[in-house]
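Input: a single structure, listed below in structure tokens.
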Amino acid sequence: MTSDQPSLLVLAAGMGSRYGGLKQLDPVGPGGETLMDYSIYDAKRAGFSRVVFLIRREMREVFEEQVSRKYQGILEVDYAYQDKDDLPGDFAYPEGREKPWGTGHAVWAAREALQGVPFAVINADDFYGRPAFVQMHSFCRSLTEDSGHALRAGLASYPLVNT
């Protein structure tokens, strides 16, 4: 893959503690599709050809079985892992904390898989719709090394009133 081809980073490491399970893998569609499946379908139609799933290491087997297999020959699939101890510089994880830091830490954890490529970030358990992926892909394609952006990335978001 060349550095001008945008990647889609799917944040899927959630523990589902309030939900009671891995909601990112629960089927919602008539054929057993997940919200992630709808997003990846829309992302592919918008021009993304690579997806990086950010997960916890212990989720790898279930993701390969339930997710990656669906996309063989359709998209390039990679993984990055969120580890609470993978922190920049002199940062230290607070004693007693079990959960990861959140979105910023998740993107940090995927840094090696995304090195040098423009990318967009989505949550695995949110629905965005095709127009959002078209905008994300277009934005990522506009990010060149000389565009003046320190981080060649975009984050899909909506005003809270619209969610």
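Checked against the criterion of being within 22 Å of E112 (Cα to Cα), in contact (Cβ under 8 Å) with a residue 40 or more places away in the chain and open to solvent by 60 Å² or more (accessible area, probe 1.4 Å), the candidates E76, E58 yield just one match: E76.
All conditions but one from (1) over 22 Å from A80 (Cα atoms); (2) open to solvent by 70 Å² or more (accessible area, probe 1.4 Å); (3) in contact with a helix residue (DSSP H, G or I) (Cβ under 8 Å, 6 or more places away or on another chain) apply to F127; the one that does not is (1). Filter the range 20-55 down to the residues that are assigned to a helix (DSSP H, G or I) and open to solvent by less than 60 Å² (accessible area, probe 1.4 Å) and list them by number. Residues satisfying the conditions are Q24, L25, L35, M36, D37, S39, I40, D42, A43, A46.
Every condition in (1) hydrophobic (A, V, I, L, M, F, W, C); (2) assigned to a loop (DSSP other than H, G, I, E, B); (3) open to solvent by less than 30 Å² (accessible area, probe 1.4 Å) holds for I122 except the one numbered (2). For the range 76-100, the set of residues classified as basic (K, R) and modelled with pLDDT under 75 consists of K99 only.
The values are calculated or read from the model by the stated rules, or taken from the named source; none is laboratory data. Small disclaimer: the values here were computed from a predicted structure and weren't measured. Don't worry about glycine lacking a Cβ; one is built from the backbone with ideal geometry, like all the others, and counts go over all protein chains shown. When the accessible area is computed, the model is the full protein with side chains, heavy atoms only, and any ligands, DNA or RNA have been set aside. Shrake-Rupley method; radii C 1.70, N 1.55, O 1.52, S 1.80 Å.
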